[in-house]
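The values are calculated or read from the model by the stated rules, or taken from the named source; none is laboratory data. None of these values were measured; they are calculated from a predicted model. We place every Cβ from the backbone using ideal geometry, glycine too, and count neighbours over all the protein chains shown. SASA here: full protein model, heavy atoms, side chains in, ligands and nucleic acids out. Shrake-Rupley method; radii C 1.70, N 1.55, O 1.52, S 1.80 Å.
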Amino acid sequence: MAKTNPGQRVALQLDPRIALEAIILNRLERTPAARRQEWLRSLLVQGFRSECLALRGVPEERKQRPAMAFTHRLAGDAQSPAAVKVESQVVPARPVEANTAAKPFAALGKVIG
């Protein structure tokens, strides 16, 4: 029977002067002490998974179910920005005049003035 390893410890130091690292540190302080290890593990795994998907070129638009129940808080329940609907104006095509072959730029007179 193989001996199971409970895990490997990873230590890193975050700099509170860097904005994103400060946000992580603030969030870690607000997380209950019993959940901190689990939250950090999910943050690391989600970041690594996201990076792997980006390297493979897989779009991350598909909504995946979170691996842990509380991971929806990582995104801050951010709502996606409302889609702006832009209506394009369709200009009806003008009929081609028969005698434009002699004067190819005759139609520009109407546009220019």
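The table that follows gives values for the structure above.
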item	result
Residue within the range 41-54 that is on the phi > 0 side of the Ramachandran plot and without any contact (Cβ under 8 Å) to a residue 12 or more places away in the chain present	no
Of all residues in the range 1-26 being open to solvent by 100 Å² or more (accessible area, probe 1.4 Å) and of a type in the set (D, E, K, R), the one that is nearest to TRP39 (Cα to Cα)	ARG9
